[in-house]
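The values are calculated or read from the model by the stated rules, or taken from the named source; none is laboratory data. All figures in this text were calculated on a predicted structure; none of them were measured in a lab. Positions of Cβ are generated from backbone atoms using ideal geometry, with glycine treated the same way; all protein chains shown enter the neighbour counts. Just the protein is used for accessible areas: all its heavy atoms, side chains included, with ligands, DNA and RNA removed. Shrake-Rupley method; radii C 1.70, N 1.55, O 1.52, S 1.80 Å.
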Amino acid sequence: MASAPASDVVGPSPSPGGPVPLTAPRDGTPEPVADVDALADVVARFAAGTGPVAVDAERASGYRYSQRAYLVQLRRSGAGTALIDPLPLPDLSTLDTALADTEWVLHAASQDLPCLADLGLRPRRLFDTELAARLAGFERVGLAALTESLLGFSLEKHHSAADWSTRPLPDSWLTYAALDVEMLVDLRDVLAVELERQGKQQWAAEEFAALVNWGSQPPRARPEPWRRTSGIHRVRGARAQARVRAIWYARDEVAARRDSAPGRVLPDSAIVAAAELDPRDERALLALPGFNGRSVRRLARIWLDALAAARALPDGELPVAPTVDGPPPPHRWAERDPAAAARLARCREVVIRTAAAAVLPPENLIAPDSIRRLAWAPPDELTEESVAATLRGFGARAWQVSLIVAELTGALAGPPD
């Protein structure tokens with residue numbers, strides 16, 4: 001399917017003097033809701049409102065151990081804007097019930113759905129403005145960029161990385177938070193028109209339904225999270241990796257106890273340095289990069305005990321290479337299975353070509369991991385039906401399968417003789 005470029009989007013004309021700075025909500029910045037009586041009023045207002053509800057949440061990533069929401073913002077026609085402080089109000093299920101039949105509008109919904117679910121807020125229908133913009137072929141899909149290009153208003157994003165666990169929240173932060181939902185429904189409406197113009201509304205509907213389903217599932221615990229330590233690729237040998245593991249878990253315990261982001265307790269670079277050099281006393285430990293801060297020095301005994309525990313481990317308890325669920329890294333394919341490497345190259349060409357014709361990013365056309373798995377182990381009997389079933393098993397949506405299955409089947413079979 002060839003679609004008109006997103007640059008031809010139909011929407012409000014930009015202001016002749018450039019975008020208009022959006023500095024204050026049209027109804028003013030509301031005070032945060034922090035008690036049950038005020039929450040009941042919000043529930044009643046939003047239940048009586050009309051149309052979709054804009055929803056956003058602010059976390060304190062990089063500051064706190066928890067990924068909980070520290071502020072929830074909502075806006076709906078007829079209800080205005082509400083800012084809810086979830087610290088004194090950790091259960092928002094009454095609001096969820098009031099909005100059960102309402103479409104929720106979020107930007108980059110996958111970032112906020114987990115922390116909203118922790119509060120009892122789970123959409124049954126949603127519209128993700130970032131994902132809609134990707135499907136429509138926009139190159140810049142940030143909220144500020146879209147608000148400027150499609151609505152003619154500029155948003156400041158200088159508080160996006162703030163410590164939202166701060167109390168009381170500064171007035172300027174509250175205004176910023178309210179503005180994040182101020183134009184979200186307007187943006188949704190313009191993007192919905194654009195998706196319809198390009199014939200992609202069904203694609204978006206399937207993607208949004210998949211997001212709702214994903215958000216309703218309990219989060220999966222990540223196996224061996226210590227292996228994601230930045231720079232761990234430099235740590236050679238099982239014993240050294242055991243040191244990474246020991247310090248990582250020691251840091252995680254301290255971070256959880258303090259409710260502080262792990263990187264603020266001890267940077268990953270320090271863990272890697274200690275794992276590589278295995279210091280045995282405080283002087284040697286504190287000489288390493290990353291261990292020279294006062295708060296880190298106070299915890300020196302914890303890090304040294306972790307290193308000692310790793311040193312004392314019997315060989316049978318050292319880390320072993322994790323079992324890989326799926327194909328090996330693609331750079332090894334040419335050596336291990338040249339035929340699979342050739343299949344992958346052909347399949348990737350199909351994805352790139354089809355995505356370009358459909359005017360959307362290749363990763364939104366089909367998940368790269370699905371293509372790798374398919375190329376590494378294609379169905380024994382290569383038919384469009386078997387390839388489609390395999391893709392669906394990997395989680396591909398109907399619109400994705402229909403766009404790509406025919407050419408992928410040919411690519412898997414190989415070039416014509």
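Counting only Cβ charges, +1 for Lys and Arg and -1 for Asp and Glu, the dipole size of region 191-290 around its Cα centre is about 440 debye.
Peptides 178-188, 205-215, ordered by how many other C-beta atoms sit within 10 Å of their residues on average, highest first, read 178-188, 205-215. Close amide-amide hydrogen proximity is noted between Val105 and Val53, Ala54, Val55, Phe127, each under 5 Å apart and 5 or more residues distant or on a separate chain (H modeled in the peptide plane; Pro and chain starts excluded). Averaged over its residues, region 269-402 has an accessible area of 55 Å² per residue, based on protein heavy atoms and a 1.4 Å probe.
Could you derive backbone 3J(HN,Hα) for region 218-232 from the dihedral phi with the Karplus parameters 6.51, -1.76 and 1.60 (θ = phi - 60°), listing whole Hz in sequence and x where the residue is Gly or Pro? Whole-Hz 3J(HN,Hα) from phi for region 218-232: x, x, 8, 6, 7, x, 6, x, 5, 5, 8, 4, 5, x, 5. Over all directions, the projected convex hull of the C-alpha atoms in region 279-417 averages 14.2 nm² in area.
For the chain, a crude dipole built from +1 on the beta carbon of Lys and Arg and -1 on the beta carbon of Asp and Glu, taken about the Cα centre, is about 1700 debye to the nearest 20. Report the Stokes-Einstein translational diffusion coefficient (µm² s⁻¹, integer) for region 236-355, Rh taken as the Kirkwood radius over Cα pairs, at 10 °C with viscosity 1.306 mPa s. Estimated via Stokes-Einstein, D reaches 93 µm²/s.
Distances between every pair of Cα atoms in region 104-250, grouped in 10 Å steps from 0 to the bin holding the largest one, split as 9, 29, 27, 21, 12, 2 percent.
Once backbone amide H atoms are built at 1.01 Å from N, Val33 has Leu83, Ile84, Asp85 as its partners under 5 Å, excluding neighbours fewer than 5 places away on the same chain.
Using the heavy atoms of the protein chains and a 1.4 angstrom probe, tell me the accessible area per residue for region 21-119 in square angstrom. Don't skip to the answer; put the middle values down first.
On the way: 4020 Å² over 99 residues.
Roughly 41 Å² per residue, with all protein chains present.
If R₀ is 51 angstrom, what is the calculated FRET efficiency for the pair Arg167 and Ala413, using the beta carbon separation as r and rounding to 0.05? Show your work: numbers first, answer last.
Working: r = 62 Å, r/R0 = 1.21.
So, using R0 = 51 Å, E works out to roughly 0.25.
Within the P(r) computed for the chain, what percentage of the Cα pairs occupies the region above 36 Å? Mind showing how you got there, number by number?
On the way: 37633 of 86736 pairs.
That tail contains 43 percent of the Cα-Cα pairs.
Surface exposure of region 128-238, expressed per residue as accessible area with a 1.4 Å probe, stands at 48 Å².
Which order do the peptides 323-331, 194-202 take when ranked by the mean count of other beta-carbon atoms within 10 Å per residue, highest first?
Numbers: 323-331: 10.7, 194-202: 18.1.
Most protected by this proxy first, the peptides run 194-202, 323-331.
Pop out the carbon and sulfur fraction of the accessible area of the chain as a percent, whole number, probe 1.4 Å.
Details: 10720 of 20570 Å².
It is 52 percent, rounded to a whole number.
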